[in-house]
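Enquirer: Take this structure first; my questions come after.
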Amino acid sequence: MTISQSRNRGRRRRSSAPYLVPLLAGGLVAVALGVYGRVHPPAGYAVGVAGFSGAQAMKTWLATGALLLAIVQLISALAMYGMLSDIRVPAWMSTLHRWSGRAAFLLSVPVAFHCLYALGAHYDSTRVLVHSLLGTFFYGVFVAKMLSLPRRDLPSWTLPLLGGLAFSALVGLWLTSALWFFTTFGVTT
Ligand code: HEM
């Protein structure tokens, strides 16, 4: 029995608004990060660059690491939902899914801290506007997903939708920053 079948069995008996709390909390986090990014005076400096040529290079490689881990998380999620093959899903797949997600999130934190604290949310170019909005959206969706995980009364589409949105936001963040860095300065540290 795949994950969605077991979740569906207990869900038909309950009301349909339980996802409001995780979504509202996620929305609040996204707005709070966005407001902070706009109102606080950019510090210009946040974290040490530890062997990289600068903060941009360090953030680019951390963001790339976070994206690769998120791809592992996506593939393990597809396997867990029985969408990759009919073979029995090994028990370690859910552990891989959880830990690749946690590691991707942890790698993104020093990057986003530098973005928000040192730079703030900028809207001076379409790339940076989209990047800044996706950055706040990513953490909002992440919070909504984490608050939804322990709940057993949510529609079966809630976790795949939130997981998919978080993954898409991270891909968009990478395309609007790390890809720009690699195509502007080359694949350099
Ligand atoms: C939380 C909200 C975020 C805001 C407001 C934000 C904002 C910014 C801004 C304004 C820049 C400078 C862009 C430029 O002038 O080139 C930047 C750079 C960067 N950001 Fe973010 N960011 C956020 C989150 C993230 C996250 C979550 C990641 C990746 C996981 C990320 C990865 C990067 C990278 C790699 C750069 C350096 C390359 C570049 O300069 O574009 N950011 N960010």
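The values are calculated or read from the model by the stated rules, or taken from the named source; none is laboratory data. Since this is a predicted model, take the numbers as computed values, not measurements. Quick reminder, even Gly has a Cβ in these numbers, built from the backbone with ideal geometry, and neighbours come from all protein chains shown. Calculation scope for accessible area: heavy atoms of the full protein, side chains included, ligands and nucleic acids excluded. Shrake-Rupley method; radii C 1.70, N 1.55, O 1.52, S 1.80 Å.
Enquirer: Select from Tyr123, Met93, Leu107 the residue farthest towards the positive end of the dipole of the chain; place +1 on Cβ of Lys and Arg, -1 on Cβ of Asp and Glu, and compute about the Cα centre.
Expert: Towards the positive end, the residue furthest out is Met93.
Enquirer: Within segment 140-172, list the residues whose amide N lies under 20 Å from a label point set 7 Å along Cα→Cβ of Ala32.
Expert: 140-150, 166, by backbone N distance to the label point.
Enquirer: For helix 55-80, report the angle its Cα long axis makes with the longest principal axis of the Cα atoms of the chain; keep it between 0 and 90° and round to the nearest 10°.
Expert: It works out to around 10 degrees.
Enquirer: Estimate the FRET efficiency between Trp157 and Tyr45 by the formula 1/(1 + (r/R0)^6), using the beta-carbon distance for r and 30 Å for R0, to the nearest 0.05.
Expert: Given R0 = 30 Å and the Cβ-Cβ separation, E is 0.10.
Enquirer: Next question, about the same structure. Could you order Arg152, Arg98, Arg127, Arg88 so the one with the most accessible surface comes first? Probe is 1.4 Å.
Expert: The ranking, largest first, comes out as Arg88, Arg152, Arg98, Arg127.
Enquirer: Have a look at Thr136, Ile75, Leu159 and report the one farthest towards the positive end of the charge dipole of segment 36-185, computed about the Cα centre with Cβ charges (Lys/Arg +1, Asp/Glu -1).
Expert: It is Leu159, whose Cα lies furthest towards the positive end.
Enquirer: Using a Förster distance of 22 angstrom, determine the FRET efficiency expected from the C-beta separation of Asp124 and Phe52, and round it to 0.05.
Expert: 0.35
Enquirer: I've got another one for you. Whole-Hz Karplus ³J(HN,Hα) for segment 109-119, in order, using 6.51 cos²θ - 1.76 cosθ + 1.60 and θ = phi - 60°, x for Gly and Pro?
Expert: Result, ordered by residue: 4, x, 5, 5, 4, 5, 4, 6, 7, 7, 10 Hz.
Enquirer: Listed highest first by mean packing, meaning other Cβ atoms within 10 Å per residue, what order do 91-97, 181-187 come in?
Expert: In descending order of packing, they fall as 91-97, 181-187.
Enquirer: Ordered by residue, what ³J(HN,Hα) values in Hz, to whole numbers, does segment 181-187 give under the Karplus form 6.51 cos²θ - 1.76 cosθ + 1.60, where θ = phi - 60° and Gly and Pro are x?
Expert: Whole-Hz 3J(HN,Hα) from phi for segment 181-187: 5, 5, 7, 8, 10, x, 7.
Enquirer: Continuing with this model, one more query. How far is helix 20-39 tilted, in degrees, relative to the longest principal axis of the Cα atoms in the chain, given as a value from 0 to 90 rounded to the nearest 10?
Expert: Helix 20-39 and the main axis of the chain meet at about 0 degrees.
Enquirer: Can you order the peptides 64-71, 31-38, 136-143 by their average number of other Cβ atoms within 10 Å per residue, highest first?
Expert: In decreasing order of mean packing, 64-71, 31-38, 136-143 become 136-143, 64-71, 31-38.
Enquirer: Kindly report, to the nearest 10 Å², the accessible surface of His40 as traced by a 1.4 Å probe over protein heavy atoms only.
Expert: 20
Enquirer: Once you have a ≥ b ≥ c as the square roots of the Cα gyration tensor eigenvalues for segment 36-185, tell me rounded if a/c is under 1.5, and otherwise prolate or oblate according to whether a/b is larger than b/c.
Expert: Since a/c reaches 1.5 and a/b is larger than b/c, the shape of segment 36-185 is classed as prolate.
Enquirer: With axes computed from alpha carbons, what is the tilt in degrees of helix 158-175 against the longest principal axis of the chain, rounded to the nearest 10 within 0 to 90?
Expert: The answer is roughly 20 degrees.
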